[in-house]
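A.B. asks: The structure under discussion is supplied below as structure tokens; questions concerning it will follow.
The values are calculated or read from the model by the stated rules, or taken from the named source; none is laboratory data. Model, not experiment: these values are computed from the prediction. Methodologically, a virtual Cβ is constructed for each residue, glycine included, from the backbone with ideal geometry; neighbour enumeration extends over all protein chains shown. The protein model used for the area step is the full one, side chains on, heavy atoms only, and it has no ligands, DNA or RNA in it. Shrake-Rupley method; radii C 1.70, N 1.55, O 1.52, S 1.80 Å.
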Amino acid sequence: MAVTIAEPMIDLRALLLEREEFEGGMVSRLRDGLAQGSTQIRVLKDIADTLQKRLVTAAAPQQKKLHLKLGIVHYYLGHMRQAIEHLNKTEGPLAFYYLGLAHLFLAQAQSYSDEPDTIDHLDAAFKAFDRAEKVGYAAQQAQLQKAGVLRLQGRIGEAKAILARLKDAAAHNAEYYFQEGAIAEVEGDRARAARAYERAVELDPRHAGALFRLGWIHDQQGNDEDAIACYERCLKYPPIGKGVLYNLGILYEDNEKYDKAVACFRQLYKMDPRDPRAKLFLKDAEASQSMYFSPEEDQLSQQFRQVLEIPVTDFELSVRARNCLKRLNIKTLGDLTRVTEAQLLASKNFGETSLQEIRQIMASKGLRIGQSLEQGQQYDPRHRTPQQYLTPEEQAILNKPVTELNLSVRDRKCMNRLGITTLGELIQRSADELLEAKNFGQTSLKEVREKLAQYNLKLRGD
């Protein structure tokens, strides 16, 4: 029987506190140590405090060495602004390279924040990588990072030119395959991207960037287990990006692992308390923990929803009643629960006889006209306008797929669950209907409203 011998814990204190110099080869040792568990992160925080105290009393020649250590330590702790502050006070290949990495990290985090940043982090990252290359950092690695910056700036041709030059020399470089995969994604070739990312992880199992993109591809394809596995591996290799925590938290929620979802969103909020979405996601996840679930009630709820989705065309109606419902764009029994009898009677040629027909149909299914209306919620014909009343331009907007809204992963999953494929179908839903969907909270509702506003559209009842 084979016995697995655990690797001895790497002594980070000896690595960072007992040696005056800090060189590139020691970074790999630091990364290995951090992959050994969360206790090492706590050790690294203590080391940061010790280095900061030493900085106060250090002589001028030693301060630059301490700034280098503190910059790299803060980088791996995810404290990018502190990392940049220290790295700007020192110099050398390693300092410039990690300065570029810190700016690059913040540039990628900007997409998850509503607050503008006064620094162009992509431009700063490119300059830092360029300086690192010029003063002696591994040229291939610096050029690959520059290619990544160019790609994020939309300069795909220049990025591809760098990769073309490095193709033969970088055949065993994980970063090369990561950049190849990222460009393949930009070009819409997801299969080629996945192959490149897999090769990157094969060459460097700690390549968090490749692991994250692989997880994202699995996520988009509905392979939740594979996506979660990739994202969870990212957690072992700091610094941990916001995207990992957002996406993993959402997947945990979808798979009813609410404790883990809360842990992800709590870490997000702690990482950046200024991020309003992190706070709202945490609130939604905590609310999910306390939700009562009954299989019997869930089954009844599903049966009720199925009844609401029955088309009115399934019933024998008079021509007059059928034409009236068509004018109002009422297609299902659920639509009839969201309109009042007075609104039906106000329609042209719709009288008491037609109303009685509708009442009987609804009663046969245990429903009544208007029962879903809540206080202040009324049927708004502006949100369900019959096609004959729309201009071609208006109809074209309503026919747009919801994918054009570029919704978050959580909201896209909700749209899929509800069978909503177009903007026209989305605006037929009320806020309350969306909030009833699994894992759809106030954060998601805010995002959907903001995206619809770009097309001058609103949810029903808004």
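A.B. asks: So which residues in region 426-443 are in contact (Cβ under 8 Å) with a residue 60 or more places away in the chain and under 22 Å from the mean Cα position of the chain (by Cα), if there are any at all?
C.D. replies: K438, N439, G441, Q442, T443
A.B. asks: Would you mind telling me which numbered condition in (1) at pLDDT below 80; (2) part of a helix (DSSP H, G or I) K348 fails?
C.D. replies: For K348, the failing item is (2).
A.B. asks: Of all residues being among the polar types (S, T, N, Q) and at pLDDT below 60 in region 361-405, which is farthest from L426 (Cα to Cα)? Just the residue, please.
C.D. replies: The selected residue is Q375.
A.B. asks: Scan (1) part of a helix (DSSP H, G or I); (2) more than 18 Å from Y237 (Cα to Cα); (3) open to solvent by 60 Å² or more (accessible area, probe 1.4 Å) for the single condition E21 breaks and write down its number.
C.D. replies: (1)
A.B. asks: Output yes when any residue across region 4-16 is of a type in the set (S, T, Y) and assigned to a loop (DSSP other than H, G, I, E, B), and no when none is.
C.D. replies: Within region 4-16, one or more residues are of a type in the set (S, T, Y) and assigned to a loop (DSSP other than H, G, I, E, B).
A.B. asks: While we're here: For residues that are small (G, A, S) and within 20 Å of L245 (Cβ to Cβ), scanning just region 183-212, find the one that is least open to solvent (accessible area, probe 1.4 Å).
C.D. replies: A210
A.B. asks: Considering each residue of region 267-277, count those that are at pLDDT 80 or above, part of a helix (DSSP H, G or I) and surrounded by 16 or more Cβ atoms within 10 Å (Cβ to Cβ), and give that number.
C.D. replies: 4
A.B. asks: Taking I162 and the conditions (1) free of Cβ contacts under 8 Å to residues at least 24 places away in the same chain; (2) surrounded by 22 or more Cβ atoms within 10 Å (Cβ to Cβ); (3) of a type in the set (V, I, T), which numbered condition does it fall short on, given that it satisfies the others?
C.D. replies: (2)
A.B. asks: Can you spot a residue in region 66-81 that is assigned to a helix (DSSP H, G or I), more than 35 Å from the chain's Cα centre (by Cα) and either crowded, with 20+ Cβ neighbours inside 10 Å or not hydrophobic (A, V, I, L, M, F, W, C) (or both)?
C.D. replies: yes
A.B. asks: Being open to solvent by less than 60 Å² (accessible area, probe 1.4 Å) and of a type outside the set (A, V, I, L, M) is the filter here; which residues of region 221-236 pass it?
C.D. replies: G222, N223, D224, C230, Y231, C234 - these are the residues of region 221-236 that are open to solvent by less than 60 Å² (accessible area, probe 1.4 Å) and of a type outside the set (A, V, I, L, M).
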